[in-house]
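Shown next, in structure tokens, is the structure this report addresses.
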Amino acid sequence: MGNCYCVLVKRMAEVTIFEVGPRDGLQNEPVFIDTAQKVSFINMLSKTGLQKIEATSFVSPKWVPQLADGSQVMEGIQRAQAVAYTALTPNERGMIRALDAKVDEVAIFAAASESFSQKNINCSINESIDRFRPVMELAKAHNIPVRGYVSCVTHCPYDGKIDPGQTRKVTEKLLKLGCYEMSLGDTIGKAEPNDIENLLTILQGVVSTDKLALHCHDTYGNALENIKCGYERGIRTFDAAAGGLGGCPYAKGASGNVATEKVVRLFEQMGVGTGVDVTLLEEAAHFIKDKISKINDD
């Protein structure tokens with residue numbers, strides 16, 4: 001019995017699925033989703049076996065009105081002991097709100113494309129990284145882990161194909177700043193497995209693989225193949241959104257993160273344990289998509 005249990009634990013810990021549905025999945029919905037429904041969605045996700053859930057974002061309500069209730073969401077959820085609840089924090093003010101909300105982890109974000117950086121946060125890449133220094137100082141003072149996102153790691157809606165060397169530079173800067181992990185975002189979903197292969201070849205020459213994660217959009221149906229490629233190259237953390245929700249308001253065509261349930265099933269087919277109950281996950285995805293559908297119908 002003991003040996004069987006050890007094998008099970010090993011399988012469950014083989015990959016980490018980082019659920020971004022409550023934040024990245026909902027942020028671009030045009031009609032406000034009730035706070036109680038967001039809380040219910042997160043509570044359902046908390047019961048699936050997911051290890052990390054990005055619950056909300058502490059950005060200005062002016063820019064992301066859908067997540068203006070971040071503090072109320074964090075206050076309302078039923079926290080599962082085995083789950084880390086995270087939030088996006090673009091600046092010092094957002095970090096202070098995140099600390100007040102007692103998040104377990106925060107994230108900052110930059111882009112590998114200068115044009116996308118200007119369109120997304122109205123500043124250059126280097127300026128965006130400078131803005132994160134107060135966030136990092138507060139996080140260090142309060143022992144809060146900081147994750148980094150890099151958008152447009154292979155393609156940009158404005159600049160076209162991105163040089164992997166540029167993505168490497170941004171990734172290295174954020175790691176040097178203090179991020180424990182970098183999530184590599186295929187923001188418009190144009191990457192193909194060879195693009196992921198080339199990027200990881202460049203990055204893995206200078207960055208430890210355990211500090212890298214993949215964040216794939218399924219706009220052109222390539223996400224699962226890209227994830228499989230990443231896994232074969234040693235990546236063990238993958239972002240996904242229940243129900244395939246999400247997109248980026250500053251990236252035309254970036255509809256839909258890869259669905260978490262599809263990622264879990266992919267790994268099941270590969271014989272790779274995720275620790276996630278796909279039935280409960282699908283129930284959570286159905287719940288929030290049904291709520292969104294009813295809101296839009298009204």
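Please work out which one of (1) in contact with a helix residue (DSSP H, G or I) (Cβ under 9 Å, 6 or more places away or on another chain); (2) within 29 Å of Ile295 (Cα to Cα); (3) at pLDDT 95 or above is the condition Ala68 fails and give its number.
(1)
Which condition does Asp195 not pass, out of (1) under 23 Å from Glu19 (Cβ atoms); (2) part of a helix (DSSP H, G or I), if it passes all the others?
(1)
Output the residues belonging to the range 229-261 that are at pLDDT 95 or above, hydrophobic (A, V, I, L, M, F, W, C) and more than 17 Å from His155 (Cβ to Cβ).
Across the range 229-261, the qualifying residues are Ile235, Phe238, Ala240, Ala241, Ala242, Ala259.
Could you please find all residues in the range 146-171 being part of a helix (DSSP H, G or I) and crowded, with 23+ Cβ neighbours inside 10 Å?
Within the range 146-171, Thr167, Val170, Thr171 meet the criteria.
Taking the range 1-24 as the search range and keeping residues that are of a type outside the set (Lys, Arg) and touching an Asp or Glu at 6+ places or on another chain (Cβ under 9 Å), which one is modelled with the lowest pLDDT?
Selected residue: Asp24.
Quickly run through the range 112-124 and pick out the residues that are in contact with a Phe, Trp or Tyr (Cβ under 9 Å, 6 or more places away or on another chain) and surrounded by 18 or more Cβ atoms within 10 Å (Cβ to Cβ).
Ser113, Phe116, Asn120, Ile121, listed by residue number.
Please find, within the range 40-65, the residue that is surrounded by the fewest Cβ atoms within 10 Å (Cβ to Cβ) out of those that are hydrophobic (A, V, I, L, M, F, W, C) and modelled with pLDDT of 95 or more.
That would be Met44.
Applying the selection to the range 86-109, what residues are buried (at least 21 other Cβ atoms within 10 Å of the Cβ) and modelled with pLDDT of 95 or more?
If the condition is that a residue be buried (at least 21 other Cβ atoms within 10 Å of the Cβ) and modelled with pLDDT of 95 or more, then Thr86, Ala87, Leu88, Thr89, Met95, Ala98, Val103, Val106, Ala107, Ile108 are the ones that fit.
Using the structure shown, decide if Glu192 is under 22 Å from Gly246 (Cβ atoms), out of contact with any strand residue (DSSP E or B) (no Cβ under 6 Å at 6 or more places or on another chain) and of a type in the set (D, E, K, R).
When the stated conditions are applied, Glu192 passes them.
Based on this model, can you work out whether Ala223 counts as over 22 Å from Glu105 (Cα atoms), touching a strand residue (DSSP E or B) at 6+ places or on another chain (Cβ under 7 Å) and not acidic (Asp, Glu)?
When the stated conditions are applied, Ala223 passes them.
The values are calculated or read from the model by the stated rules, or taken from the named source; none is laboratory data. Note that the structure is a prediction, hence the values are computed from the model and not measured. Note: ideal-geometry Cβ built from the backbone for every residue, glycine included; neighbour counts use all protein chains shown.
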